[in-house]
Structures are given as structure tokens and as C-alpha cells.
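Notes for the one structure printed next.
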């Protein structure tokens, strides 16, 4: 299994900025020290090209990002101040998901240790998202003739509004979002399948809803690839989550998603999976790292079980 990272591209954030940037390097270090990943390849993610990004994003928006000529309020909506490092890191986030998607066709599953930038629209960014990594990966794979149909299965606690809007009129991309009903974004878009969860939802209820959602998603015509945005933010200790899942519940969520993608005795064919981490905002960075680490371990287990 191949795992892509780009945490060495650090954003210069103002003092007091609340985004937990250190979770990315912490996750990579945790994986490097875990003997379970000895046989995996840990690789620096490539930078997405303009050609990649323009499969989805508006040329004027890309120009404003590259040149730093953002309109009034654009940087504020994104949440990061503009800098050359912000541009490069955003390209790497997208490039890592593209690379993970390509690798998934050979390995069965591959992981971007960041990504999940699902609040980015074709013509704007918001919510810590500059370019939409999954949408651009789908565009790049289509350009290469690798896929026609794709599933986006998004378990980040915040609705994937940018992704939903980008694929609103695309019958070959099925967008699924399990998210907090009262959480950001407060103006939701329309995914193909939206599941809005009440504040305080706990493990048992969440997993029951998850199983039903997986059934509905995989009742669709066969997909060529699944993009799984896992998210650590449904955790009960997350500052921005509002749900109440335990670490055990989140690990079980991951196991069920990967098991369904792998197929089984019910006749569902296996589907390659590209994983992005999505959000995580717990006060204790170790909690975020624990949850993301278990997601990557679940991906590895699913790949080992599926391998002949």
C-alpha cells in the first residue's frame, strides 16, 4: 500500500491561529514508527499541475490563487492567509489525492495523509479548503481515461458542500455526505445522498445509519473507484464536531466502509479506494492522530485481506 504525505510544506500561520497543522506531521511520524506499515511505501505527494486543477476549477480563480490577488473576503473565507507556501501546500494536497487514486488501481487502496478539502467550489475556496482534491482527482482520472463512474463517500462531520455543488449535474459521480445537521456549512448544498445527524449522535446510532447509507450507495450502478473522506471530527472530543463518537466507534466506521468497498459474498464487486483524512479539531492533537492512524491501519488491513 502506498501512503502519500506533504507535511513538510508548512503554512506560515498567525500566532493564535486555531487550525491544528501539527496533526499532519504527527500522523506521518506515528505511521513511520508503527511496525504494521513496514511493507508500505511512504512517499512525498506530488504537486498538482495547472492542467489537473483546471479539470474542475475556474481559470480566474486559479490565477487569483497563484498570484495572490484574492478578492475582498476570499482569504478570510478560506481561513488561511495567502502565501506562496499556501499555494504549494494546496497543490500538494490535491496531487497526493491524485497519486493515491492512481495507486489504488494497483494496490486496491491508497492513502493521502491530508486532503479532504471538500468545501472548495469550482470558483472559490472556504473552510480551510483551497482546491477540491477529490473533485480534481476525479477530473484527472477521467482525462486519463481511467474511470467513468466514481463514488465520493464523505464521513467528515461537515457537509461536503463544494463537492456536492461541483457534481450536481454529473450522473456519473455519486456524492454521499454523513454530517452534523446543525454544523458548518450552515447553508448546505444538495449531495446525491445527504444524511444529517443530530447533535450528540453516539456510536450505535451512527453505525446503524452508516450501514444503511453504505447499502444505498452500493445499490447504485458499479463504480470504478471510491473516494473515502474519513474525518476525525465526529469524535466526541472534537471542538467543532457536535457528535459524540468514541475512537472505537470511528475505527468501526472505517472497518465497515473498507469492508463494503472490498466486496464480499453478497456479490458486490471490490472497488479501489483512495482515502483522504478530512477534518479533525480536537484540543488534544494526539486524539486526532489516534483517529487518523486507525483509519490508515484499517485501510492497510483491508488491502492485506483483499490481496491474494
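For the reader, a short list of remarks on this structure follows.
- Tabulated pairs, the range 106-123, first on the phi > 0 side of the Ramachandran plot, second at pLDDT below 95, C-beta under 6 angstrom, 6+ apart or interchain: 108/303; 108/306
- Remark: pairs (first residue in the range 275-288, under 9 Å from residue 117 (Cα atoms); second residue buried (at least 17 other Cβ atoms within 10 Å of the Cβ) and modelled with pLDDT under 95; Cβ separation under 9 Å; 6+ apart in sequence or on different chains) are absent.
- Checked against the criterion of being at pLDDT 95 or above, outside any helix (DSSP H, G or I) and closer than 21 Å to residue 12 by Cα, the candidates 120, 110 yield just one match: 120.
- Among the criteria (1) surrounded by 14 or more Cβ atoms within 10 Å (Cβ to Cβ); (2) in contact with a helix residue (DSSP H, G or I) (Cβ under 9 Å, 6 or more places away or on another chain); (3) within 21 Å of residue 58 (Cβ to Cβ), the one residue 161 does not fulfil is (2).
- Strands (runs of 3 or more DSSP E) enclosed by the range 137-204 - at least 1 residues per element that are without any contact (Cβ under 8 Å) to a residue 60 or more places away in the chain, closer than 23 Å to residue 93 by Cβ and within 13 Å of the chain's Cα centre (by Cα): 173-180
- Members of the range 225-252 found to be surrounded by fewer than 24 Cβ atoms within 10 Å (Cβ to Cβ) and part of a helix (DSSP H, G or I), listed by number: 247, 248, 249, 251, 252
- Entry remark, the range 219-260: residues being over 19 Å from residue 291 (Cβ atoms), touching a residue at least 60 places away in the same chain (Cβ under 8 Å) and within 19 Å of the chain's Cα centre (by Cα) number 4 in total.
- In the range 1-46, the residues that are more than 17 Å from the chain's Cα centre (by Cα), in a loop (DSSP other than H, G, I, E, B) and buried (at least 18 other Cβ atoms within 10 Å of the Cβ): 1, 9, 40
The values are calculated or read from the model by the stated rules, or taken from the named source; none is laboratory data. All values derive from a computational prediction rather than experimental measurement. Don't worry about glycine lacking a Cβ; one is built from the backbone with ideal geometry, like all the others, and counts go over all protein chains shown.
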